[in-house]
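Okay, structure first, notes after.
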Amino acid sequence: RNGIYPLMNFAVSRPHALPRALSQPQEDPQKAKTPTPEPFDVETRKVVQMQCNMELNEDKSQWHLTLLLILEDKLHRQLSYDLLPTDNSKDLATELVHYGFIHEDDCEKLATFLESAFHKHRS
């Protein structure tokens, strides 16, 4: 009456029931026990500039690492991390590749950069 597309059945009073299957399909027990890890995006941009800052926490028991990465498209990525005594530069760089923060080709370059920063600040 008031327009060419009248609003009818605007809200459904009750949800439609979906028919259920009589039997659930059996899953492979091996697949059910092993969780599939979440896929991470792979970083395609390379790092063009790196800056690193390390400072002791307030209680002077642990180092805090702040890493600034500038990527090819001028994106700035700032990462912070409280270093553990067991951390090393190669493992940290590999972890950044794994989680998609840096390109795989930049792993060795970042590990070398972090190693020199660790040596400079810890000595």
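D73 meets each of the listed conditions (1) in contact with a His (Cβ under 8 Å, 6 or more places away or on another chain); (2) closer than 23 Å to T44 by Cβ apart from (1).
Exactly one residue out of A111, A17 is among the small types (G, A, S), at pLDDT below 95 and more than 17 Å from the chain's Cα centre (by Cα), and it is A17. Could you check, for segment 64-76, whether at least one of its residues is within 10 Å of L114 (Cβ to Cβ), open to solvent by less than 80 Å² (accessible area, probe 1.4 Å) and without any contact (Cβ under 8 Å) to a residue 60 or more places away in the chain? Among the residues of segment 64-76, at least one is within 10 Å of L114 (Cβ to Cβ), open to solvent by less than 80 Å² (accessible area, probe 1.4 Å) and without any contact (Cβ under 8 Å) to a residue 60 or more places away in the chain, which makes the answer yes. Does segment 81-92 include one or more residues that are surrounded by fewer than 18 Cβ atoms within 10 Å (Cβ to Cβ), closer than 15 Å to E43 by Cα and either hydroxyl-bearing (S, T, Y) or in contact (Cβ under 8 Å) with a residue 12 or more places away in the chain (or both)? Scanning segment 81-92, I find no residue that is surrounded by fewer than 18 Cβ atoms within 10 Å (Cβ to Cβ), closer than 15 Å to E43 by Cα and either hydroxyl-bearing (S, T, Y) or in contact (Cβ under 8 Å) with a residue 12 or more places away in the chain (or both), so the answer is no.
Among residues of segment 101-123 that are free of Cβ contacts under 8 Å to residues at least 60 places away in the same chain and surrounded by fewer than 13 Cβ atoms within 10 Å (Cβ to Cβ), those with a beta-carbon under 9 Å from a residue that is part of a helix (DSSP H, G or I) and not hydrophobic (A, V, I, L, M, F, W, C) at least six positions away or on a different chain give the pairs E108/K90; S116/S89.
The values are calculated or read from the model by the stated rules, or taken from the named source; none is laboratory data. Every value quoted in this text rests on a predicted model; they were computed, and no experiment measured them. When we count neighbours, we look across all protein chains shown, and the Cβ atoms used for this are built from the backbone with ideal geometry, even at glycine. Each accessible area value is taken on the protein alone, full model and side chains, heavy atoms only, with ligands, DNA and RNA left out. Shrake-Rupley method; radii C 1.70, N 1.55, O 1.52, S 1.80 Å.
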